[in-house]
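Asker: Below is a structure I'd like to ask you about.
The values are calculated or read from the model by the stated rules, or taken from the named source; none is laboratory data. Just so you know, these numbers come straight off a predicted model, no measurement behind them. With ideal geometry, Cβ positions are generated from the backbone for all residues, glycine too; neighbour counts draw on all protein chains shown.
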Amino acid sequence: MATFKQAPAGASASQKLMTWVDNRFPATQLYNEHLAEYYAPKNFNFWYFFGALSLLVLVIQIVTGIFLVMHYKPDAALAFASVEYIMRDVPWGWLIRYMHSTGASAFFVVVYLHMFRGMIYGSYRKPRELVWLFGCAIFLCLMAEAFMGYLLPWGQMSYWGAQVIVNLFTAIPFIGPDLSLLIRGDYVVSDATLNRFFSFHVIAVPLVLLGLVVAHIIALHEVGSNNPDGVEIKAKKDAAGRPLDGIPFHPYYTVHDVLGVSVFLLIFSAIVFFAPELGGYFLEFNNFIPADPLKTPLHIAPVWYFTPYYSVLRAITSEMMYVLMAIVVAGAVLAVLKIKMTGLFKAVVLGAAAVVVLLMLSIDAKFWGVVGMGGAVVILFFLPWLDYSEAKSIRYRPDWHKYLYGLFVINFLVLGYLGVQPVSSLGERLSQIGTLIYFGFFLLMPWWSRLGTFKVVPDRVTFAAH
Amino acid sequence: MSQQPVDSAKRTWLIVSGCAGAAGGLAAAVPFVASFEPSERAKAAGASVEVDISAIKPGEKLTVEWRGKPVWIIRRTPEQLEALPKEDPKLADPQSLRNPSALTPEYARNGYRSIKPEVMVAVGICTHLGCSPSDRFTPGGQPSLPDDWVGGFLCACHGSTFDLAGRVFKNKPAPDNLEIPPHMYLSDTRLLIGDDKKA
């Protein structure tokens with residue numbers, strides 16, 4: 001710790017107070033490092049609103065959640081009625097509840113856009129790998145949080161959604177059945193399950209989530225933000241050591257983000273007040289029927305933000321397994337023929353492929369569906385080590401890379417659409433093709449990301465003053 | 001500080017106490033993880049259910065709750081019974097050979113998967129991810145089903161189909177036939193679900 005500082009002679013009362021505080025807690029230092037002297041690139045565009053917005057939605061969720069817990073009863077016999085009580089009898093309870101339910105969907109909207117921003121501008125690449133990894137972990141936590149929160153209203157979709165997802169774990173060979181028993185705390189989804197999901201939803205996962213958000217921001221502020229040009233602004237500094245293309249986060253970006261927040265709140269309020277169910281996408285109609293363990297609703301689908309992954313799960317049938325096995329074999333043979341490696345390593349690759357194919361033959365397609373669904377999320381973690389393109393930002397990559405990212409987005413949306421539809425043979429085929437495109441995009445990235453003619457990346461960010 | 005040589009005796013004891021602490025921490029986690037297991041009350045709530053099946057007409061289904069799960073009792077018509085063996089080539093496991101000990105009690109290991117051919121008793125939970133399939137007893141083509149459909153069940157969640165003996169069709173997400181619960185007849189019209197010991 002540094003020596004005690006003295007406020008200069010004739011300092012104001014507030015200066016004296018801050019000196020007193022700073023001698024005991026680094027308040028001014030934290031303020032400077034993270035706001036007033038945190039230099040962010042000056043060329044941020046529209047895509048850079050979504051980080052701040054996800055923080056805003058997190059706050060909305062925590063605050064509304066605290067108030068909901070005051071009236072909600074985590075008991076299978078009382079839960080459904082207590083949510084209706086909040087909706088009808090608690091003063092303004094409907095507003096708090098609709099803010100929370102709309103907030104859940106809004107969270108995924110802004111987080112998906114935030115992640116897409118990272119993808120197109122290469123924000124996950126060196127030295128920002130840990131920023132990306134913490135972010136992916138936040139995404140996982142968010143999925144757990146959304147899933148467990150969805151059980152709490154104890155409606156039909158809550159119940160059967162939880163039943164399906166917990167049963168996913170039974171597909172794991174050997175430990176699966178015991179693991180799902182451990183998660184449910186009963187032989188079926190029941191009061192015990194509701195109670196523990198409540199505990200996870202209101203305290204355990206949010207604590208982890210907050211820790212990860214802090215880690216995400218600390219890591220970001222350590223390496224500095226990327227920008228739409230993918231140029232490192234720290235490479236060019238002025239005499240005082242400030243990046244030439246950087247501007248202090250506060251006040252420049254705090255003011256900038258106020259605009260984003262205003263537009264976001266306009267849309268958010270419009271949904272909360274005029275379409276809180278959003279046509280059954282934000283709140284599914286079947287969830288207004290109390291949970292009935294004897295009857296599954298005719299059409300069950302997860303909430304929209306899980307449907308792309310749900311499509312992957314449904315796509316992997318025993319027929320699809322043969323396609324996947326052929327791909328594993330073809331991949332191993334190609335690797336052996338095309339990549340330079342020692343004979344021993346070639347044998348290892350072929351052996352591993354043979355083992356995988358054997359496992360694929362011997363374990364049910366159900367398990368591989370779960371692997372595919374989990375893999376579709378987990379593969380995001382590996383992105384920093386899959387991308388070999390010369391330029392970070394899409395701006396300086398070959399034009400056809402843009403079309404490829406476009407295809408990825410359309411494919412993701414199609415998978416999402418198929419996930420809310422009932423099963424059909426055409427839908428099954430489409431989701432199988434979509435699954436192959438999804439994984440192909442990532443797994444072939446080390447190959448395709450190097451191809452094409454890259455444009456010249458400028459030394460400084462491109463920026464025209466308004 | 002770094003100038004001083006490492007006192008290896010102190011370091012050894014530091015490692016030993018560190019390990020002892022870690023072991024204690026692990027041991028302390030056991031009761032917490034164990035608390036996730038089903039409680040004694042949940043374990044005890046597995047009583048068998050007695051059902052009067054006299055009111056079920058041919059072609060009808062009755063659903064009762066046993067251990068929190070739906071159990072179906074269906075009185076199959078002679079035509080439906082006749083159609084069962086014809087389905088065999090389209091089924092994934094027509095003889096119920098997979099997991100027989102868990103899914104098909106000995107007295108139900110036959111073409112109808114039942115004690116009495118016409119009375120089908122099955123746990124109405126899809127072996128894929130646990131949805132309860134819906135009745136599609138009417139034969140013929142209809143949404144989500146093939147044109148040569150002979151009647152059975154469709155699990156709307158992931159599209160698995162089952163015939164009227166709870167046998168799963170090929171190339172569907174569900175790996176297994178529907179579970180036949182332990183059951184026995186107390187009389188011609190009284191069925192006990194959940195117990196088959198005291199015959």
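Let's see how each residue does on (1) more than 27 Å from A:Phe116 (Cβ to Cβ); (2) within 17 Å of the chain's Cα centre (by Cα); (3) among the β-branched types (Val, Ile, Thr):
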site	(1), (2), (3)
A:Phe46	no, no, no
A:Gly51	no, yes, no
A:Val57	no, yes, yes
A:Ile60	no, no, yes
A:Gly65	no, no, no
A:Lys73	yes, no, no
A:Phe80	yes, no, no
A:Glu84	yes, no, no
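Asker: Related question: For a quick check of your reading of the model, give me the residue pairs whose first member lies in the range B:33-51 and is polar (S, T, N, Q), whose second is modelled with pLDDT under 85 and exposed (fewer than 12 other Cβ atoms within 10 Å of the Cβ), with beta-carbon atoms closer than 6 Å and at least 6 apart or on different chains.
Answerer: Close Cβ pairs satisfying both conditions: none exist.
Asker: While we're on this one: Quick one: how many residues across the range A:268-304 are more than 14 Å from every other protein chain (Cβ to nearest Cβ), closer than 21 Å to A:Ala76 by Cα, assigned to a helix (DSSP H, G or I) and in contact (Cβ under 8 Å) with a residue 12 or more places away in the chain?
Answerer: 2
Asker: Among the residues of the range A:28-47, what is the count of those that are charged (D, E, K, R) and part of a helix (DSSP H, G or I)?
Answerer: As a first pass, look at the range A:28-47 and keep what is charged (D, E, K, R): A:33, A:37, A:42.
Still in the list and also part of a helix (DSSP H, G or I): A:33.
Looking only at that region, the number is 1.
Asker: Could you please let me know if A:Leu152 is under 26 Å from A:Leu210 (Cα atoms), in contact with a Ser or Thr (Cβ under 9 Å, 6 or more places away or on another chain) and touching a residue at least 40 places away in the same chain (Cβ under 8 Å)?
Answerer: Answer is yes for this residue.
Asker: Right, another one. Within the range B:2-24, does at least one residue satisfy the condition of being among the aromatic types (Phe, Trp, Tyr) and within 14 Å of chain A (Cβ to nearest Cβ)?
Answerer: Taking the range B:2-24 as the starting set, the residues that turn out to be among the aromatic types (Phe, Trp, Tyr) are B:13.
Remaining after also requiring within 14 Å of chain A (Cβ to nearest Cβ): none.
No, the range B:2-24 contains no residue that is among the aromatic types (Phe, Trp, Tyr) and within 14 Å of chain A (Cβ to nearest Cβ).
Asker: Let me ask another. Could you please let me know if A:Pro177 is facing chain B (nearest Cβ under 10 Å) and at pLDDT below 90? Reasoning before the result, please.
Answerer: Numbers: facing chain B (nearest Cβ under 10 Å): yes; at pLDDT below 90: yes.
So A:Pro177 fits the description; yes.
Asker: Answer yes or no: is there a residue in the range A:1-19 that is within 38 Å of the chain's Cα centre (by Cα) and either assigned to a strand (DSSP E or B) or surrounded by 15 or more Cβ atoms within 10 Å (Cβ to Cβ) (or both).
Answerer: Our first condition is that a residue be within 38 Å of the chain's Cα centre (by Cα); within the range A:1-19, this holds for none.
No, the range A:1-19 has no match at all.
Asker: A follow-up question, please. Restricting to the range B:76-92, and then to whatever is surrounded by 17 or more Cβ atoms within 10 Å (Cβ to Cβ) and not polar (S, T, N, Q), can you tell me which residue is farthest from the other protein chains (Cβ to nearest Cβ)?
Answerer: Applying the filter and picking the extreme gives B:Leu81.
Asker: Sticking with this structure for a sec: Consider the range A:389-403. How many of its residues are surrounded by fewer than 19 Cβ atoms within 10 Å (Cβ to Cβ) and assigned to a helix (DSSP H, G or I)?
Answerer: Within the range A:389-403, residues that are surrounded by fewer than 19 Cβ atoms within 10 Å (Cβ to Cβ) and assigned to a helix (DSSP H, G or I) number 5.
Asker: Just to check your reading of the model, which residue among B:Val123, B:Val64 is at pLDDT 90 or above and touching a Pro at 6+ places or on another chain (Cβ under 7 Å)?
Answerer: Sole residue among the options that is at pLDDT 90 or above and touching a Pro at 6+ places or on another chain (Cβ under 7 Å): B:Val123.
Asker: Count, please, the residues in the range A:51-100 that happen to be in a loop (DSSP other than H, G, I, E, B) and touching a residue at least 24 places away in the same chain (Cβ under 8 Å). Write out each step before concluding.
Answerer: First, the residues of the range A:51-100 that are in a loop (DSSP other than H, G, I, E, B): A:70-78, A:89-92.
Filter once more, keeping what is touching a residue at least 24 places away in the same chain (Cβ under 8 Å): A:72, A:74-77.
Adding up the residues that qualify gives 5.
Asker: Given the conditions (1) within 30 Å of A:Met87 (Cβ to Cβ); (2) surrounded by 16 or more Cβ atoms within 10 Å (Cβ to Cβ); (3) in contact with a helix residue (DSSP H, G or I) (Cβ under 7 Å, 6 or more places away or on another chain), report the number of the one that A:Asp292 does not fulfil.
Answerer: Only one criterion is unmet by A:Asp292, namely (2).
Asker: Being more than 14 Å from chain A (Cβ to nearest Cβ) and under 15 Å from B:Gly194 (Cβ atoms) is the filter here, so list the residues in the range B:32-52 that pass it.
Answerer: Going through the range B:32-52, the residues more than 14 Å from chain A (Cβ to nearest Cβ) turn out to be B:48, B:50, B:52.
Across the range B:32-52, the qualifying residues are B:Ser48, B:Glu50.
Asker: Name the one entry in A:Ala352, A:Ala465, A:Ala376, A:Ala391 that is within 30 Å of A:Ile339 (Cα to Cα), aliphatic (A, V, I, L, M) and without any contact (Cβ under 8 Å) to a residue 40 or more places away in the chain.
Answerer: Details: A:Ala465 fails: within 30 Å of A:Ile339 (Cα to Cα); A:Ala376 fails: without any contact (Cβ under 8 Å) to a residue 40 or more places away in the chain; A:Ala391 fails: without any contact (Cβ under 8 Å) to a residue 40 or more places away in the chain.
Residue meeting the stated conditions: A:Ala352.
Asker: For the range A:321-343, enumerate the residues that are modelled with pLDDT under 90 and either part of a loop (DSSP other than H, G, I, E, B) or under 12 Å from A:Gly372 (Cα atoms) (or both).
Answerer: Passing the criteria: A:Ile339, A:Lys340, A:Met341, A:Thr342.
Asker: Separate question: Which fully enclosed helices (runs of 4 or more DSSP H) of the range B:1-114 have 2 or more residues being within 27 Å of B:Pro182 (Cα to Cα)?
Answerer: Working: elements: B:8-34, B:40-44, B:78-83, B:100-103.
Here the list reads B:40-44, B:78-83, B:100-103.
Asker: Could you say which residue among A:Leu337, A:Leu386 is surrounded by 16 or more Cβ atoms within 10 Å (Cβ to Cβ) and not charged (D, E, K, R)?
Answerer: On the way: A:Leu337 fails: surrounded by 16 or more Cβ atoms within 10 Å (Cβ to Cβ).
Sole residue among the options that is surrounded by 16 or more Cβ atoms within 10 Å (Cβ to Cβ) and not charged (D, E, K, R): A:Leu386.
Asker: Right, next: Quick check on my filter: what residues within the range B:62-75 are more than 7 Å from every other protein chain (Cβ to nearest Cβ) and under 20 Å from B:Ile125 (Cβ atoms)?
Answerer: Within the range B:62-75, the first condition is being more than 7 Å from every other protein chain (Cβ to nearest Cβ), and the residues that meet it are B:62, B:64, B:66, B:71-75.
Across the range B:62-75, the qualifying residues are B:Leu62, B:Val64, B:Trp66, B:Val71, B:Trp72, B:Ile73, B:Ile74.
Asker: Check off (1) out of contact with any Gly (no Cβ under 6 Å at 6 or more places or on another chain); (2) within 20 Å of A:Val461 (Cβ to Cβ) for A:Phe49 and give me the number that stays unchecked.
Answerer: Tallying (1) out of contact with any Gly (no Cβ under 6 Å at 6 or more places or on another chain); (2) within 20 Å of A:Val461 (Cβ to Cβ), A:Phe49 fails exactly one: (1).
Asker: So, one more: Give the residue that is farthest from the other protein chains (Cβ to nearest Cβ), with candidates limited to residues of the range B:165-185 that are modelled with pLDDT of 85 or more and over 15 Å from the mean Cα position of the chain (by Cα).
Answerer: Among residues in the range B:165-185 that are modelled with pLDDT of 85 or more and over 15 Å from the mean Cα position of the chain (by Cα), the one farthest from the other protein chains (Cβ to nearest Cβ) is B:Tyr185.
Asker: Look through B:Phe153, B:Phe162 and report the one residue that is touching a strand residue (DSSP E or B) at 6+ places or on another chain (Cβ under 6 Å), within 12 Å of chain A (Cβ to nearest Cβ), surrounded by 21 or more Cβ atoms within 10 Å (Cβ to Cβ) and closer than 24 Å to B:Lys116 by Cβ. Spell out how you get there, then give the answer.
Answerer: Working: B:Phe162 fails: within 12 Å of chain A (Cβ to nearest Cβ).
So the residue among B:Phe153, B:Phe162 that is touching a strand residue (DSSP E or B) at 6+ places or on another chain (Cβ under 6 Å), within 12 Å of chain A (Cβ to nearest Cβ), surrounded by 21 or more Cβ atoms within 10 Å (Cβ to Cβ) and closer than 24 Å to B:Lys116 by Cβ is B:Phe153.
Asker: Restricting to the range B:30-46, name every residue that is farther than 20 Å from A:Asp292 by Cβ and either surrounded by 10 or more Cβ atoms within 10 Å (Cβ to Cβ) or of a type in the set (Lys, Arg) (or both). So that I can check it myself, show each step before the final result.
Answerer: Start the filter on the range B:30-46 by keeping residues that are farther than 20 Å from A:Asp292 by Cβ, which leaves B:30-41, B:43-44, B:46.
Scanning the range B:30-46 gives B:Ser35, B:Phe36, B:Glu37, B:Pro38, B:Ser39, B:Arg41, B:Lys43, B:Gly46.
Asker: If you don't mind, there's one more thing I want to ask. Restricting attention to the range B:114-143, which residues are touching a residue at least 60 places away in the same chain (Cβ under 8 Å) and away from every other protein chain (no Cβ under 13 Å)? Walk me through it before giving the result.
Answerer: If we filter the range B:114-143 for residues that are touching a residue at least 60 places away in the same chain (Cβ under 8 Å), which is where we start, we get B:114-116, B:118-119, B:121, B:124, B:132, B:135, B:137.
Passing the criteria: B:Ser114, B:Ile115, B:Lys116, B:Glu118, B:Val119, B:Val121, B:Phe137.
Asker: Here is a follow-up. Working only within the range A:168-219, note down all residues that are in a loop (DSSP other than H, G, I, E, B) and on the phi < 0 side of the Ramachandran plot. Walk me through how you get there before you give the answer.
Answerer: Let us first name the residues in the range A:168-219 that are in a loop (DSSP other than H, G, I, E, B), namely A:172-175, A:185-190.
Across the range A:168-219, the qualifying residues are A:Ile172, A:Pro173, A:Ile175, A:Asp186, A:Tyr187, A:Val188, A:Val189, A:Ser190.
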